[in-house]
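The structure appears right after this line, and notes come after that.
The values are calculated or read from the model by the stated rules, or taken from the named source; none is laboratory data. These figures come from a predicted structure and were not determined experimentally. Note that we place each Cβ from the backbone using ideal geometry, even for glycine, and neighbour counts take in every protein chain shown. Calculation scope for accessible area: heavy atoms of the full protein, side chains included, ligands and nucleic acids excluded. Shrake-Rupley method; radii C 1.70, N 1.55, O 1.52, S 1.80 Å.
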Amino acid sequence: MKRQLICLVTVLFLVQTQAQDYQKIKISTDIELIKISENAYVHVTFGSLQGYGRFGSNGLIYVDKGKAFLFDTPITDSLTRELVTWLRDSLQINIVGFVPNHWHNDCTGGLGYLKSIGVETWANQRTIDIAKSKGLPVPEHGFTDSLTLKLNDRTIKCYYFGPAHSRDNIVVWLPEEKILFPGCMVKEMNSQNLGNTADGDLNEYAGTIHKVINKFPTARIVIPGHGQIGGMELLRHTKELAE
């Protein structure tokens, strides 16, 4: 028992140390970047929502040779403009493609701005259909089960495994980096519940997470839609919550 406790403390210390080692870049009061690899950043946007207060929303930026794909926008067009402008002016990075995790505004709130500057956009066809029905900005290209994109020679994989947090939520996999971005369907380790599931499916939630776990057993970094990044333990924790 004592040996198991020591091992657990050691693992928790390593996870905490790794999280602290990530470089953070404060862009403004409401936007920060977390550099998680030489080619990937998490962008964190802070906003307020009645009943929840101030909270941060995570997105992913994948970079290669001055070009980048954005996965989920900040929650508004103005914050998205601020992020895109800063990337261009400070890091000489141009956003050339965009894919949202699902239709909520913490994923697509800046889609209108991205379209206005000519960024090419893709989404789950279910996301496109929901956006159309609600009069929201609509991505250009749709897919059903999976999508493979290229950023120069780097590969990006997008998959739909089923409903969870929302009925259209997808995951993004960067195979060269072993980075998985499942967004809001996955919860940080401090989460005690699944959060907002008003547009989701509680009956299918655990089964969808199970498929993700089986598909990506080698994931090195897992990025939730909100809160602290981690590893495969986030998926297992979310599955337990769903069950």
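Here are the numbers for the structure shown:
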| quantity | calculated |
| --- | --- |
| Solvent exposure ordering (accessible area, 1.4 Å, most first) of Glu140, Glu177, Glu233 | Glu140, Glu233, Glu177 |
| Cα gyration tensor shape for region 64-155, rounded if a/c is under 1.5, else prolate or oblate | oblate |
| For Val171, solvent-accessible area (1.4 Å; no DNA, RNA or ligand), Å² | 0 |
| Antiparallel %, DSSP beta bridges [both residues in the chain], to 5 | 75 |
| GluC sites (Glu not before Pro) restricted to region 25-93 and DSSP loop, no more than 15 other C-beta within 10 Å | Glu38 |
| Inter-part distance where region 114-185 and region 52-75 are each reduced to a Cα centre, Å | 13 |
| Fraction of accessible area attributable to carbon and sulfur, region 33-90 (%, probe 1.4 Å) | 50 |
| Global geometry of region 110-243, whether rounded, prolate or oblate, following the gyration tensor of its Cα atoms and the 1.5 cut on a/c | oblate |
| Per residue accessible area in Å² of the chain, where ligands, DNA and RNA are left out and the probe is 1.4 Å | 48 |
| Of all accessible heavy-atom area on region 132-243, the percent that carbon and sulfur account for (1.4 Å) | 45 |
| Sum of -39500 (n - 2.57) over DSSP H runs of 4+, divided by residues of the chain (222 nm, nearest 500) | -10000 deg cm²/dmol |
| Of the DSSP H helices in the chain, those whose Cα atoms cover at least 27 Å axially and whose Kyte score averages -1.0 or more | 2-21 |
| Sequence of Arg126, Arg88 from largest to smallest accessible area, 1.4 Å probe | Arg88, Arg126 |
| Global geometry of region 188-243, whether rounded, prolate or oblate, following the gyration tensor of its Cα atoms and the 1.5 cut on a/c | oblate |
| Separation of the Asp199 and Lys115 label points, Cα + 7 Å toward Cβ, nm | 1.5 |
| Rounded to the nearest 10 Å², the accessible area of Ser90 at probe 1.4 Å | 60 |
| Reachable lysines from Lys132, criterion Cα separation under 24 angstrom, eight or more residues apart if same chain | Lys115 |
